[in-house]
Structures are given as C-alpha cells and as structure tokens.
Amino acid sequence: MAGIGYAFISSYLKGEEAKLISSDHLNTVLKAENVQEVIDSIRDTDIGSYLEGLEINSFNDVDEQLWIYLNNCLTRVAWFKNVPKSAREMLQAYVYRYDILNIKTALQNIISGEKTEGIPAGTIYNKGLLYVLTDAESLDDVINVLSTAKMGEYVNVLEGYRLEEGFRREVLTDTGMENIYYNNLIGMSGKLKDRDVLSKVFQTLLDMTNLQIVLRTAVNESGSDASDQTISGGYLLSDELVRDMLSVKLQDIPVRIDYPVYRTVVEGIIEEYEKDRNISIINESIDKLKFNILKEILSPRIMSTAVVIWYVILKEIEVRNIRLILKAVMDNIQLEEIRNFLVMA
C-alpha cells in the first residue's frame, strides 16, 4: 500500500514542480517595472495564478498572502488520503520550523510591549491559534497555546527560561527549540527506507544554520555570548568545530573548514561583506549553497518521503524569490540589482 502511496505523491508533486517559476521566468521577471508586470510574467505558474487574483496594496499584504499560499500548498499535500503516513508525519515535523518563528515572535512581543503579527503557516496557525499566540501577555499564555497544540517538548524548553516574574530574554537567541526540531527530524529519518538521504538533508540544513550563526557572530564580534546559539549534530561541521569557529575572527573562519564547497562560499561571503559591510550577504549566500547541495541530493529521488521534502524546499525558495522581487519593485529598486540575491533552480 505504501508503494502505491509513494507512486501517487511522486507523480502529483512532479506535476506541481512543472508549475513552479523557472529560471526563464525569473529572467523575464527581472525586466518588470511594476507589480502587475511581475505577476503578468509568471501568470502561467501556480503562484502567479494565485497572485493574479489578489488585491495588493502594500508589501505587508503580499507578504502575508505568500505565507498563506505556501502553507496551503503544504497542507494540500498532507490532505491527500493516498499519502503514506511516514511522509505525512515527516511533513508535519518539518513545518514546526514556522511554529518556532511564531513562538519567538510572541515572546518578543511580550518583551517589547509591541505587537508584531506572526506568519500564517505551521501547526499553531492551522489549529486557529496563531492570533491567540501573538496576543499572549505572559509566558504562561504562550505555554497554554503550545499545550493546546500538543507541542509539549517545546513547552519544556520554555519552562527552562522562566523567572519568578517573566522569563530570560535569551530564549529569543538560544537554540533549545531548534535542537529539538532537528533532533526530531533526524530521528524520524532513521526509521525510513531512505534514511541515509533524509538524514544527510536535515544535517546539511543544520550545518547551514550553524554557518549563518558563526558568520553573524564573527561580524558582530559576540563570540563569548553565542555558546547557546548553535545546534548539535551537523553533517560536515562537527559540534567541536562550530564552537571553535565562534571564537575566531571573521577572516580566520575559512581555514577552519575542510570541506571545499563550504569553505569557498564562506570566503566569498567574507569578500563581499568587506566591500560594503552588508550583513544580508550571509543569509543570501548560505541560501544558495543550501539549495545547490539539497538539489543534488533530492531532485533525483522518487517513490520516497524525500520527494515531499524536496517539494517543500522548492516552494520555500519560490516564495522567497517572489518576496524579494515584489519588495524590490515596491521600494523602486531596479530588479537587476537583486539578481545575485535570487536562488535560481
């Protein structure tokens, strides 16, 4: 029965891939001069068709709608009865990453006293609890939402930051929840037939997260404060190496990295950063590296849970690209100026 399910979902998702924005689309989009021309350039794609039916008055409008679109794409995959249980459970575990973002937004709201909306994606959102979460006025309010959403492991992490009154601010930067998240993904992978592929994927994602943390730490010269901000269990970056890199200067990081692909990208990031001190180059370059590595691992896979994870990553990249493009258009930035920030499939 599982074989039939994987045949179905592989066929369905390969069909969905054909509706994605291609490199040719992006080359055309970069000639657009306004929002309507961007949408016209991708109207034959699924996301273009979605955007065509929306009234867009501000970037906040489109940003919210893009998250809703992404969430709808993922919940649609889980909705099909033919999807194997293991694939559905892996997808559910993967989308907890959006929940962690929303939890930290809620905690930041409590600290600042200001209201920032969460992203409309993930388990908490799908259970109708997002606005309850972001309206939370105390740690207990946040914990009550997580308990209702059956996210007990994350409750245990938050309890560790409790004070007699309030909670420690380090909860926003420490990676206790992220450690649980990745450990669960890697642990679930070990039970599947394509365990080696999926474990490599999630450990690579972990490597990319740690690289971002290490580079931002070096740029901000905050190494002594970052010991709780990395995640254990990477693929090519050992826990010991990550801790070591936290304590060195930015220019000394590449020589610590033995893996040539990682080292080359880090060298490029440092070179670009030193030109204009724009820290955004870190995330943009790591996103490209991550995509290229995962494409090599996942794109050939069919008839397995890996095809579901590859689809999610493709949709995340597609939404990321369109978000950058629409933001640039609305800010009157020439689109050719952001070409190097886009991830080309």
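Miscellaneous remarks
Residue-by-condition table, conditions (1) more than 25 Å from ILE213 (Cβ to Cβ); (2) β-branched (Val, Ile, Thr); (3) in contact with a helix residue (DSSP H, G or I) (Cβ under 8 Å, 6 or more places away or on another chain); (4) surrounded by fewer than 17 Cβ atoms within 10 Å (Cβ to Cβ):
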site	(1), (2), (3), (4)
VAL261	no, yes, yes, yes
GLU267	no, no, yes, yes
LYS275	no, no, no, yes
ILE279	no, yes, yes, yes
GLU284	no, no, yes, no
VAL319	no, yes, yes, no
LEU326	yes, no, yes, no
ASN340	no, no, yes, yes
MET344	yes, no, yes, yes
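- Enumeration of residues in the range 132-151 that are of a type outside the set (A, V, I, L, M, F, W, C) and over 21 Å from the mean Cα position of the chain (by Cα): ASP135, GLU137, SER138, ASP140, ASP141, ASN144, SER147, THR148, LYS150
- Pairs with Cβ under 7 Å, 6+ apart, first in the range 59-85 and under 18 Å from TYR125 (Cα atoms), second small (Gly, Ala, Ser) and assigned to a loop (DSSP other than H, G, I, E, B): TRP67/ALA121; LEU70/ALA121; ASN71/ALA121
- Looking at LEU91, LEU101, just one residue is free of Cβ contacts under 8 Å to residues at least 40 places away in the same chain and either closer than 30 Å to GLY187 by Cβ or touching an Asp or Glu at 6+ places or on another chain (Cβ under 7 Å) (or both), and that residue is LEU101.
- Enumerated helices (runs of 4 or more DSSP H) restricted to the range 6-80, each holding at least 2 residues that are within 30 Å of LEU192 (Cα to Cα) and touching a Phe, Trp or Tyr at 6+ places or on another chain (Cβ under 8 Å): 59-79
Residue-by-condition table, conditions (1) hydrophobic (A, V, I, L, M, F, W, C); (2) in a helix (DSSP H, G or I); (3) under 27 Å from ASN60 (Cα atoms):
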residue: ILE103; (1), (2), (3): yes, yes, yes
residue: ASN109; (1), (2), (3): no, yes, yes
residue: ALA121; (1), (2), (3): yes, no, yes
residue: TYR131; (1), (2), (3): no, yes, yes
residue: ILE143; (1), (2), (3): yes, yes, no
residue: VAL171; (1), (2), (3): yes, yes, yes
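- Filter result for ASP244 (surrounded by fewer than 16 Cβ atoms within 10 Å (Cβ to Cβ) and under 21 Å from the mean Cα position of the chain (by Cα)): no
- Residue match in the range 190-204 (condition: surrounded by fewer than 19 Cβ atoms within 10 Å (Cβ to Cβ), free of Cβ contacts under 8 Å to residues at least 12 places away in the same chain and part of a helix (DSSP H, G or I)): yes
- Any hit, the range 168-175, residues being exposed (fewer than 14 other Cβ atoms within 10 Å of the Cβ), on the phi < 0 side of the Ramachandran plot, in contact (Cβ under 8 Å) with a residue 40 or more places away in the chain and hydroxyl-bearing (Ser, Thr, Tyr): yes
- Selection count where residues are charged (D, E, K, R) and within 17 Å of THR209 (Cβ to Cβ), scope the range 167-196: 2
- Taking the listed residues TYR181, TYR161, TYR131, the one that is surrounded by 19 or more Cβ atoms within 10 Å (Cβ to Cβ) and either in contact with a Ser or Thr (Cβ under 7 Å, 6 or more places away or on another chain) or among the aromatic types (Phe, Trp, Tyr) (or both) is TYR181, with no other qualifying.
- The residues listed here are GLU16, GLU33, GLU64; of these, the one that is out of contact with any strand residue (DSSP E or B) (no Cβ under 7 Å at 6 or more places or on another chain), surrounded by fewer than 19 Cβ atoms within 10 Å (Cβ to Cβ) and farther than 16 Å from LEU324 by Cα is GLU16.
- Among residues of the range 302-345, those that are under 23 Å from ALA78 (Cβ atoms), assigned to a loop (DSSP other than H, G, I, E, B) and modelled with pLDDT of 90 or more, counted: 1
- When the range 41-50 is filtered for residues that are surrounded by 15 or more Cβ atoms within 10 Å (Cβ to Cβ) and free of Cβ contacts under 8 Å to residues at least 60 places away in the same chain, the ones remaining, listed by number, are SER41, THR45, ASP46, GLY48, TYR50.
The values are calculated or read from the model by the stated rules, or taken from the named source; none is laboratory data. Please read these numbers as outputs of a predicted model, since none were measured by experiment. Positions of Cβ are generated from backbone atoms using ideal geometry, with glycine treated the same way; all protein chains shown enter the neighbour counts.
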